[in-house]
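Just so you know, all these numbers are worked out from the coordinates, no wet-lab data involved. All of these numbers come straight from a predicted model, not from anything done at the bench. As a convention, Cβ positions derive from the backbone with ideal geometry for all residues, glycine included, and neighbour counts pool all protein chains shown.
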Amino acid sequence: MKIGLVLRDLHREERELARELLHTAERHKTSHDIHHLALDLADWSHRHIRELAELAERYDVTLDPEPDDEPGPVGRLREKGSEIIGRRGEAGRRGDAGLLLLRDLRRICQQASAVSVDWELVAQAAQATADDQLLDLAQRCHPDTLRQLRWANAELKETSPQVLTS
């Protein structure tokens, strides 16, 4: 069976989504709604990562249950840059911070879409193999991913006209 391959891909995609959400929260600390919602949504991906790791053992796949949130050297440099951009944004150059927010939201949309497709694959495989536990996991987690995607998409719709026409 190749279900283990999809579980491994889904686990990696969830970790990347969680990292993107955390980076977005860090970059946009001055935008409180973005900051706090991104942190909450990252927690959902963290839960998915833990549950996937637990269930993957049944398919002889070992997955790390802990999220990989620590930024590497590039990530730390990116955070410093965003702090500088954030300060500049507060000083009146809101266009730079707005463009950065659009880019971050776009990445979250792309990443959440990839995770959504993987959840769909897992659900189909679970139905084909009559694996009720795997199907239950997919049915609980996939709606969270769709909500993450809808949030990022709604923020894009709300923010983009203001940023792109200023």
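Tabulated results
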read-out: Using a Förster distance of 45 Å, the FRET efficiency for L99-Q124 (Cβ separation, nearest 0.05); value: 0.75
read-out: Pairwise label distance in nanometres, K2 with L146, each label 7 Å out on the Cα-Cβ vector; value: 2.6 nm
read-out: Peptides ranked, highest mean first, by Cβ atoms within 10 Å: ranges 34-47, 147-160; value: 34-47, 147-160
read-out: Förster-model FRET efficiency, 22 Å R0, D132 and D43, C-beta, rounded to 0.05; value: 0.25
read-out: T62-Q110 FRET efficiency (beta carbon distance; Förster radius 22 Å; 0.05 resolution); value: 0.20
